[in-house]
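To start, the structure itself, in structure tokens.
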2 protein chains.
Amino acid sequence: MAKSSGTRDRLIHSARFLFWERGFAGTSMSDLLAHAGVNSGSFYHFFESKEALLRAVLEQYLEALRPQVVDPAFQKSNQPVERIFAILAGYRERILQTDCQYGCPLGRLALEIDPENRPAHKLIAENFQGWIGAVRECLEAIRARLPKNYDLDALATYVLAVMEGGVMLSRSYSSVVPFDRAVAQLREHFRLLLTPPARPRSRVHAGRV
Amino acid sequence: MAKSSGTRDRLIHSARFLFWERGFAGTSMSDLLAHAGVNSGSFYHFFESKEALLRAVLEQYLEALRPQVVDPAFQKSNQPVERIFAILAGYRERILQTDCQYGCPLGRLALEIDPENRPAHKLIAENFQGWIGAVRECLEAIRARLPKNYDLDALATYVLAVMEGGVMLSRSYSSVVPFDRAVAQLREHFRLLLTPPARPRSRVHAGRV
DNA sequence: GTTTTACTTGAATGATCAACCAAGAAGGAG
DNA sequence: CTCCTTCTTGGTTGATCATTCAAGTAAAAC
């Protein structure tokens, strides 16, 4: 029903791109309508306001998180730690593809959108939570190599913070170096934190306490 | 000369606050003029445009970095590592003071300002570099406890990325928890990375390699 | 004491903004 | 065929945007 509207989909698709490139306030309705090839009247048939569109876009980001961000990364490796860093490598790709200018669309919106706009921030937080959840899955698979009762959510949140911070710095430095440095340090963190992988059949490196 | 203009100072002071609270595009000239109690004609006597004001504000942020961010934190402790975390504690304060809504003014501008605006991004990067430099100073003081030839700039950049990412997450979660988690993990990172402090006169814990 | 420079005043400008609306096209339901 | 719902068209609205300008004040410079 609401699904098969080509116009509505085109609007969301255009907004997804433009909000990422120029931000929410930086994207004017006329920019958006021109990009989507839609008249303003049609827009207001599907959305009650620009803010309603933002919510729809954030919902769409959430739907796209697994198929477009997590799954491709997970396909690159079966090893949990490598999967985490494959997600980060995906962001590195995007930094390079856009001349270090753009990064995570959520990070941008998280800082731009008025905190009074609770529905939008709730959706942004849900997106972040989805991301954290994916990383957490990887961490659960290596729980045995982590200190006992280690807070997996805290570590996954940390990974997200490092990624977002790295993306931000790379944007103003116009260089992928800060992102790479942040990721390299995160590698180091995992190296220090994890006991060596348990070899099947061997208990040689029993692990520190 | 250019210094003693009360009007100019008031404009920069207001802009510093408003850009932090509402962002650059989100701050209208009329907002700004009303907040500073200045007429538009006076504004354009001192600044050729809103963008020129942004540059002046970014220069002012840079001037304020040491006296307002770094020095107060350094006064809280003489221990290098504690000094780094005192800087982070300062950001935590600000998160709490603003109901988790606002954080680092630079982070916000870094993601908002059009990448084509090179002068602005150059100034933002200089601000970040100043911040990294302050952290680097602390790291130099504990160089002996770090692995040999460790890249201090990379580690300092990492600290900044963790801070910015933590601030961002706390904003959308409306909770200081993500920031605290990020900082706690960073603590863990330092704990794992550093050999125990050299006790004067004692070489007991010689340190791992 | 007159000229000059530095700054202020606030209305006006035209562009652009999000949003609205009356009119109509398209197509399925009855 | 007629009705009704769904969607499109594109011109229009009034608010707000950054910026400009001519006129004026005040104090330093000469």
### Message
Can you find a residue that is within 21 Å of residue A:128 (Cβ to Cβ), more than 16 Å from DNA strand D (Cβ to nearest atom), of a type in the set (A, V, I, L, M) and touching a residue at least 24 places away in the same chain (Cβ under 8 Å) anywhere in the stretch A:9-17?
### Response
no
### Query
On the given criteria, is residue B:72 in a helix (DSSP H, G or I), without any contact (Cβ under 8 Å) to a residue 12 or more places away in the chain and of a type outside the set (A, V, I, L, M, F, W, C)?
no
## Note on the structure
When the stretch A:18-59 is checked residue by residue, the ones that are in contact (Cβ under 8 Å) with a residue 60 or more places away in the chain and assigned to a loop (DSSP other than H, G, I, E, B) are A:23, A:24, A:25
### Task
From (1) more than 25 Å from residue A:134 (Cβ to Cβ); (2) touching a helix residue (DSSP H, G or I) at 6+ places or on another chain (Cβ under 9 Å); (3) within 16 Å of DNA strand C (Cβ to nearest atom), pick out the condition that doesn't hold for residue A:56.
(1)
### Summary
Across (1) farther than 20 Å from residue B:183 by Cβ; (2) surrounded by 14 or more Cβ atoms within 10 Å (Cβ to Cβ); (3) modelled with pLDDT of 95 or more; (4) away from DNA strand C (no atom under 16 Å from the Cβ), residue B:119 clears everything bar (2)
### Task
Report, by residue number, each residue of the stretch A:165-195 that is acidic (Asp, Glu) and in contact with a Ser or Thr (Cβ under 8 Å, 6 or more places away or on another chain).
none
### Query
Can we say residue A:196 is within 12 Å of another protein chain (Cβ to nearest Cβ), modelled with pLDDT under 95 and in a loop (DSSP other than H, G, I, E, B)?
no
### Message
Let me confirm something: among A:52, A:110, which residue is surrounded by fewer than 16 Cβ atoms within 10 Å (Cβ to Cβ) and not hydroxyl-bearing (Ser, Thr, Tyr)?
### Response
A:52
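Taking the conditions exactly as written (on the phi > 0 side of the Ramachandran plot, touching a Lys or Arg at 6+ places or on another chain (Cβ under 9 Å) and hydroxyl-bearing (Ser, Thr, Tyr)), does residue B:174 satisfy them or not?
Answer is yes for this residue.
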### Query
Among B:28, B:77, which is the only one that is within 16 Å of DNA strand C (Cβ to nearest atom) and out of contact with any His (no Cβ under 7 Å at 6 or more places or on another chain)?
B:28
### Task
Evaluate the stretch B:77-99: report whether one residue or more is touching a Pro at 6+ places or on another chain (Cβ under 8 Å), within 12 Å of chain A (Cβ to nearest Cβ), over 23 Å from residue A:180 (Cα atoms) and of a type outside the set (Lys, Arg).
yes
### Task
Taking the options A:118, A:22, A:94, name whichever one is away from DNA strand D (no atom under 16 Å from the Cβ), closer than 30 Å to residue B:99 by Cα and of a type in the set (Lys, Arg).
A:118
### Task
Would you mind finding the one in A:17, A:47 that is within 17 Å of the chain's Cα centre (by Cα), surrounded by fewer than 19 Cβ atoms within 10 Å (Cβ to Cβ) and either more than 28 Å from residue A:85 (Cβ to Cβ) or more than 14 Å from every other protein chain (Cβ to nearest Cβ) (or both)?
A:17
### Task
For the stretch A:83-93, indicate whether the set of residues that are assigned to a helix (DSSP H, G or I), of a type outside the set (A, V, I, L, M, F, W, C) and within 16 Å of DNA strand C (Cβ to nearest atom) is non-empty.
no
### Of residues in the stretch A:129-164 being within 16 Å of residue B:180 (Cα to Cα) and aromatic (Phe, Trp, Tyr), the one farthest from the other protein chains (Cβ to nearest Cβ)
A:150
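Rundown of residues vs (1) closer than 27 Å to residue B:192 by Cα; (2) not in a helix (DSSP H, G or I), yes/no style:
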| site | (1), (2) |
| --- | --- |
| A:101 | no, yes |
| A:107 | no, no |
| A:122 | no, no |
| A:130 | no, no |
| A:138 | yes, no |
| A:155 | yes, no |
| A:160 | yes, no |
#### Entry: Number of the condition not met by residue A:39 [criteria: (1) within 16 Å of DNA strand C (Cβ to nearest atom); (2) in the same structural domain as residue A:157 (by TED's automatic domain parsing); (3) not small (Gly, Ala, Ser)]
(2)
### Message
Anything in the stretch B:55-80 that is farther than 11 Å from residue B:127 by Cα and loosely packed, with under 13 Cβ neighbours inside 10 Å? List them, or say none.
### Response
B:67, B:68, B:71, B:75, B:78
### Neighbours by Cβ (under 7 Å, 6+ apart or cross-chain): first from the stretch B:180-193, at the interface with chain A (Cβ under 7 Å from one of its Cβ atoms) and in contact (Cβ under 8 Å) with a residue 40 or more places away in the chain; second in a helix (DSSP H, G or I) and buried (at least 16 other Cβ atoms within 10 Å of the Cβ)
none
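The values are calculated or read from the model by the stated rules, or taken from the named source; none is laboratory data. Since the structure is predicted, the reported quantities are computational estimates derived from the model, not experimental observations. Cβ atoms come from the backbone with ideal geometry, glycine included; neighbour counts cover every protein chain shown.
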